[in-house]
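Computed from the coordinates by the stated procedures, all read-outs in this text should not be read as laboratory data. Here the structure is a predicted model, which is why all the values come from computation and not from measurement. Reconstructed Cβ throughout: ideal geometry from the backbone, glycine too, with neighbour counts over all protein chains shown.
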């Protein structure tokens, strides 16, 4: 210990504070701290925030100019895109939105997308550049609690004012009044297929022979061959001046291995890449062990709402620009184009449609996905949270393969081993573990320059022979070969040190693959990673004094990260040596788990003593969102407890055990018709044969909150005009009573149920019709046939209620 | 016993000669009395280390007829043996020992206490206004569970077609409001105010202006005020406990309601149960089968979590374990868990000795509840007798 | 409520409505104490029905009479229990100096 720290910790048992934590319970405090900082749906929020803050800018910047083909001096250019506050325009007036208001009035919780547009305007025959600020190009549905949401950073009281539950995690959208959550999609991509041997030449021989047979010897001949009809007829839509070999070249440049950039027709990098890939392929042919495992979690990427939305937005934005350009070519007036853009509403409608139907289409790539959104399950709080951490596979569920369904060892700590549905989606639908983080894209450029600074030799400078020298290692960043480095461990350690010091992003992974003689650096989005305690020679960096600071509230989880006590590891880097407990650490240990139970997901971590259960019981329990807790005594009651049926005690039910309230929504719309007429609500009859059915109606002709509603009761006394079509020549007049027919709505609940009108909400819908919503509440007490369960997947129906 | 000694001498006389003697005539078989192990079996439940054994009762009068023992209980015999010892009597709680009675009767009393003794409880709630967050049904349910301190014997049951009147209904009023800008308000059970003249709410079917001279009809039809009754004149009816939270009101919220309490029994709904619980347990009996001394005594005393055993000095520096507080025994069997200890200690329960506890909710004192329960069993018998004849 | 035969009145099943274990078990005990009873037992055919069946078989006397006597016995026992209990409570109260408290019964 240095003198500095000595003087700081005067009066405290220094030895105790500096000693590593023996007891694993001590570190437990980190988990609530972690959840306080991150919450359970942070992955969705991060992803959406990244899209709103960064990605959308990139998209607009990449497609920022529309120039007239006729007059190239006339153009329109986008600058500065930003998402405004959630609001809607109602009769020309901008009205701010809150999520609760959207839920009640069936609106979409969306914010305008503002851009600043520079364009050439013609003033008295003179061309000059004008700027228009805050042009709305569309409205983006906003994820609740994201940085664009009105709930962002609000405290409990402010949330209550907005009608929001402080415990609600957010991370979903409100589209046409319904809550829609986007799932996570697991994307399979094997990024790494990179390797050599004299045996390879034998494998390459047939290809070379074929080339010789086709009389392809030079590069030019090769390109011509590629362009010949039998090879290229698919890509015939390329237009423009045709130069021999240019089309093939452009395909090779832009489409083949698009991730490898080509600068000024320098194909060298691409060549090396192809070569390395071919090597790896041949190696795989010769030796099956070198094949990459496609079920390995490290080879998978998760697609979150931000990415899904950004792809969709990019497509829509490009389509809008393409359409604008067509208009532009017809009439070269930038002002008119601006007008077209303002009027364009496909971005708004398509974004809304995708979220509400879950059908995601990107036409340009012919990509189509179904079920990207789900209605948020609100049966229980835990169920809602569990729903938000669900991961769905991209491919068909019907595949009868066991590989992807099996529990992968690489899932440890990242994906919950228990939480998966039974039946057809078993093992394919997964759930995130408690501490899993899903990364977002990170800028590669600083990492690249850092790598070269740390002594990576650029591929451009190396000869082909040097590429496979056994004494040097290939450095690969996000599937892109940067170059070679002589000293593997020194490089990796230096990179890690920089990461721990916060010089590069905390989620950048540095993975050394000794077998392939590669160092893989990953900074791309969609990787799963989790925090672990760093250990030096098997000694945990977290000491008792750190935990004390945490308990005292001096520091939080993030300061642990900043201080380099904890770091995030992704699946690949997880191949370091991780000890479960301090006491099990050896000098080789590099990391120590924070808490063993964090391998479980939200639902599974609520099971008491899950390690004492038979494994499928935990899986069954995860499928059930639990409610009220109860203390029980177990007894048999032959005949009424067969097949897991349970016997309940009547007195407990009398005293309120298991009571629940079911809410149901009924809507009535006062429709406006073409004939300038509309539905009308009329005063209830207080006398006569129907008075009985109308007794819950208030004097305002609508059922009053607090009234007990029975079957066949009328909750709105509405009348519709008999003629709703507009007859030419008639003028809108007040219709006589005879021109109306009753179209009242009656309650169709079950007999004997005590239902009460809980709330009545009036608002106007998107067509400006008056819409009345009734929340009808029904209090139920447990009865025979109701399902109950313990917290261990032991469910059963109530067989009898005993006095 | 006389016969036994006879056969004894007979046996001695016959000497070596082979004469057939019935097993019942053997000298150590007592006549007219059960063998000691059978008597033990008849009167005790054994708590063996694995499970309680001998839990069943021998009821049949002729169970031991072959031994010449009559197992029937004559009333005289019952009267002489039956004892009641009060252990504790408080305002709401009573603990007493009932000795010399069959479990079937003890259980009948317990069941009646819980399910068949009437009390008054709120059954109907007329909500005039409720702007609190607590739903009407939930509020009504909570009100129903509030114990009311009133003797149910002064009231009648209200059957389906009865009109609520002063003989079958007690009316309470509750009006609580939390002023705007003030702190959150707790509505406690003491805000339930008794209305001795019955409901103040006018029937919905009544048109307000029709009979201005006569009193408008309300939800109850009281012919006289309840507080004119001598029982209530100086003793207004109110909830037993004044500090039960009914609801919490936020600023600007209000509850206005009328609650009607009627007579009922716990069988219909637990809110009418006059007891929080009524239970009994059999008297534990802990017997040391041999002297437990010195270190062994210490271990035994330590084994018991409820300290049933004491250690006494028997002089010469020797110590011995004694059973000091057998009533405290919870029959956890910790003392006989270890291998071989069941040879040292026997844990049993006395079959016909019940430690009966009654916790009243407050409508009636617990000792009254018990006598009422016994009366109800008598009424039941009477009903069967009338049905038989 | 009685189910039996006219020829042999010594065996019968009595079906009591609105009763349960409370009375039936106590009655069974009482019946068992009677030396004239050769067999007795009770059952609740279905927990949802408020009904209990009591079976009585005797050595010869009519089952109805035996049941009647048992009810009488049970009532006597109850009366005795009440008396003993009341004496015990008043004794306890006087000992505790609470004699002023009045017990109604």
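What is the Cα centroid distance between segment A:343-363 and segment B:68-111, reported in whole angstrom?
Measuring centre to centre over Cα atoms gives 80 Å.
Would you mind giving the mean number of other chain beta-carbons within 10 Å of the Cβ of each residue in B:130-140, as a whole number? Please report the intermediate quantities before stating the final value.
Details: counts 2, 2, 0, 0, 0, 6, 8, 9, 4, 0, 1.
Mean partner shielding for this stretch: 3.
Work out, in µm²/s and without decimals, the Stokes-Einstein translational diffusion coefficient of the protein assembly as shown at 25 °C, 0.890 mPa s, Rh from Kirkwood over C-alpha pairs.
Values: Rh = 40.3 Å.
For these conditions, the coefficient is 61 µm²/s.
With springs only between Cα atoms under 10 Å apart, run a GNM on chain B and tell me which of B:37, B:269, B:353 wobbles the most.
B:37
Taking Cα atoms, how many degrees apart are the long axis of helix B:103-115 and the longest axis of chain B, rounded to 10 and kept between 0 and 90?
Its long axis makes an angle of about 10 degrees.
Taking the DSSP beta bridges in chain A as the whole, what percent of them are antiparallel, to the nearest 5?
Values: 103 of 116 bridges.
Of the beta bridges lying entirely in chain A, close to 90 percent run antiparallel.
For segment A:469-592, what is the convex hull (Cα atoms) projected area averaged across all directions, in square nanometres? Spell out each step's value before the answer.
Numbers: hull surface 33.7 nm².
If I average the Cα hull's projected area over directions, I get 8.4 nm².
Roughly how many whole Å is it from the C-alpha centroid of segment A:435-449 to that of segment B:237-310?
Each part reduced to its Cα centre gives a spacing of 61 Å.
Can you show me the helix-derived [θ] at 222 nm for chain A, built from DSSP H runs with n ≥ 4 at -39,500 (n - 2.57) apiece and divided by the number of residues, rounded to the nearest 500. All intermediate terms of the calculation are to be shown ahead of the outcome.
Numbers: 22 runs with 211 residues, N = 803.
One gets -7500 deg cm²/dmol as the mean residue ellipticity at 222 nm.
As an exercise, use a Förster radius of 30 Å and the Cβ-Cβ distance of residue A:724 and residue B:217 to find the FRET efficiency, rounded to the nearest 0.05. Intermediate results must be reported in sequence, preceding the final value.
Values: r = 47 Å, r/R0 = 1.57.
My answer for the efficiency is 0.05.
Tell me, in nm to one decimal, what length is gained between residue B:153 and residue B:386 on full extension, where the rule is 0.36 nm per residue of separation less the Cα-Cα distance? Provide the component values of the computation, followed by the final result.
On the way: separation 233, 0.36 × 233 = 83.88 nm, distance 2.36 nm.
The residue B:153-residue B:386 span can extend by a further 81.5 nm.
Mind checking the mean number of beta-carbon atoms from other chains within 10 Å of the Cβ atoms in C:67-77? Write out the running numbers ahead of the final one.
On the way: counts 3, 5, 1, 3, 10, 4, 5, 8, 8, 5, 12.
So the per-residue partner count for this stretch is 6.
For chain B, set up a Gaussian network in which alpha carbons nearer than 10 Å are linked by springs, and say which option among B:363, B:321, B:121 fluctuates the most.
Taking springs between Cα atoms under 10 Å, the residue moving most is B:321.
Sum -39500 (n - 2.57) across every DSSP H segment of at least 4 residues in chain B, then divide by the residue count to get the 222 nm mean residue ellipticity, nearest 500.
Numbers: 8 runs with 87 residues, N = 389.
It lands at -6500 deg cm²/dmol.
Taking only the alpha carbons of segment C:1-87, what extent do you get along each of the three principal axes, in Å, biggest first?
That gives 48, 34, 16 Å along the principal axes, largest extent first.
In nm, to one decimal, how far is the residue B:51 label point from the residue B:193 one, both placed 7 Å along Cα→Cβ?
6.1 nm
For a quick check: sort B:290, A:490, B:42, B:111 by the number of other beta carbons within 10 angstrom, fewest at the front.
On the way: B:290 9, A:490 12, B:42 17, B:111 22.
Lowest count first: B:290, A:490, B:42, B:111.
Could you work out how far helix B:366-388 tilts from the main Cα principal axis of chain B, as a 0 to 90 degree angle to the nearest 10?
That helix lies at roughly 80 degrees to the long axis.
So what is the diffusion coefficient of segment B:119-269 in µm² per second by Stokes-Einstein at 37 °C and 0.692 mPa s, using a Kirkwood Rh over Cα pairs? Don't skip to the end; give the middle numbers.
On the way: Rh = 16.4 Å.
Roughly 200 µm²/s, to the nearest whole number.
Restricted to Cα positions, what overall size does segment B:52-175 have along the principal axes? Three whole-Å values, descending.
75, 35, 28
Could you work out how far the C-alpha centroid of segment A:630-659 sits from that of segment A:461-530, in angstrom?
A separation of 61 Å, based on Cα centres.
Is there a simple number for the mean count of other chain Cβ atoms within 10 Å of the Cβ of residues in B:94-105, and what is it?
Values: counts 2, 0, 4, 1, 4, 1, 1, 5, 7, 2, 10, 8.
The mean count of partner-chain Cβ atoms within 10 Å per residue comes to 4.
For segment A:660-780, what ratio Rg/Rh do Cα atoms give with a Kirkwood hydrodynamic radius? Write down the numbers at each step before the final one.
On the way: Rg = 16.0 Å, Rh = 15.5 Å.
Taking Rg over the Kirkwood Rh, I get 1.03.
Just subtract the alpha-carbon distance of residue A:787 and residue A:367 from 0.36 nm times their residue separation and send over the number in nm, one decimal.
My answer for the length gained is 147.0 nm.
Measure off 7 Å from each Cα along the Cα-to-Cβ vector at residue A:643 and residue C:15, then give the distance between these two points in nanometres to one decimal.
For residue A:643 paired with residue C:15, the spin-label model returns 3.0 nm.
Rounded to the nearest 500, what is chain C's calculated 222 nm mean residue ellipticity when only DSSP H runs of at least 4 contribute -39500 (n - 2.57) each, over all residues?
Numbers: 2 runs with 45 residues, N = 105.
So the helix-based figure for chain C works out to -15000 deg cm²/dmol.
State, to one decimal in nm, how far the label point of residue B:294 lies from the label point of residue A:583, with both points 7 Å from Cα in the Cβ direction.
Those two pseudo-labels are separated by 3.8 nm.
Can you give the convex hull volume per residue for the Cα atoms of chain B, as a whole number of Å³? Numbers along the way, then the final one.
Numbers: hull volume 104.2 nm³, N = 389.
For chain B, the hull spanned by Cα atoms encloses 268 Å³ per residue.
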